[in-house]
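To start, the structure under review is shown below, and the notes come after it.
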Amino acid sequence: MTTRRSLLALALLPAGAAAADDTALQRAIRDAVGDAPITDGGIALRVPATAENGGQVPIAILADSPMTAADHITGIHVFATANPAPGVASFSLTPLLARAEVHTRIRLAEAQRIIVLAQSNDGRVRRATAEIRVTTGGCLT
């Protein structure tokens, strides 16, 4: 049976991605945010168009939120659609932070789409995506 979540994950995958990757991505998203509906927008995502070294790709995430006790971001989750493990990072936030902002470096195996989800204390989940080309993969064994 095809669910809305299955269709969402399929739409987020790059062309030619394997079915196993789709299943892993769906599972990683479900583990992070459950079955909450996901809407686009409300997140500024800064990533390089091309990463020279997939072993350390800088990303900056800023979710639009007043960060008050009544309205704040509780989590930011990063996924990479073509990595061997799609769940790259999860960050827990509290209203004690002035901004819902994260700066980090991630590893990418190859050129792919990055998906960032920001989860609010009221259950809303917002999404931003970006395509990143990688000249040298960072997940080689």
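The values are calculated or read from the model by the stated rules, or taken from the named source; none is laboratory data. Please read all numbers here as calculations on a predicted model, not as lab measurements. With ideal geometry, Cβ positions are generated from the backbone for all residues, glycine too; neighbour counts draw on all protein chains shown.
Report yes if Glu110 is more than 15 Å from Ile132 (Cα to Cα), surrounded by 15 or more Cβ atoms within 10 Å (Cβ to Cβ) and acidic (Asp, Glu), otherwise no. Write out each step before concluding.
Values: more than 15 Å from Ile132 (Cα to Cα): no; surrounded by 15 or more Cβ atoms within 10 Å (Cβ to Cβ): yes; acidic (Asp, Glu): yes.
When the stated conditions are applied, Glu110 does not pass them.
With respect to the conditions (1) surrounded by fewer than 19 Cβ atoms within 10 Å (Cβ to Cβ); (2) over 13 Å from the mean Cα position of the chain (by Cα), Phe91 falls short on a single one, namely (2). For region 45-59, the count of residues that are closer than 20 Å to Leu93 by Cα and in a loop (DSSP other than H, G, I, E, B) is zero. Sub-6 Å Cβ pairs linking a first residue in region 58-70 that is over 17 Å from Val47 (Cα atoms) to a second residue that is in a loop (DSSP other than H, G, I, E, B), at least 6 apart or interchain, are Asp64/Gly42; Ser65/His72; Met67/Pro95; Met67/Leu97; Thr68/Pro95; Ala69/Pro95, ordered by first then second residue.
For Pro86, the conditions (1) crowded, with 16+ Cβ neighbours inside 10 Å; (2) over 19 Å from Gly54 (Cα atoms); (3) modelled with pLDDT under 95 all hold with the exception of (2). Among the residues of region 22-43, is any part of a loop (DSSP other than H, G, I, E, B), surrounded by 12 or more Cβ atoms within 10 Å (Cβ to Cβ), modelled with pLDDT of 95 or more and not hydrophobic (A, V, I, L, M, F, W, C)? Looking for residues that are part of a loop (DSSP other than H, G, I, E, B), surrounded by 12 or more Cβ atoms within 10 Å (Cβ to Cβ), modelled with pLDDT of 95 or more and not hydrophobic (A, V, I, L, M, F, W, C), one finds at least one in region 22-43, hence yes. Look through Val116, Val78 and report the one residue that is touching a Phe, Trp or Tyr at 6+ places or on another chain (Cβ under 9 Å), closer than 15 Å to Ala32 by Cα and free of Cβ contacts under 8 Å to residues at least 40 places away in the same chain. The match here is Val78.
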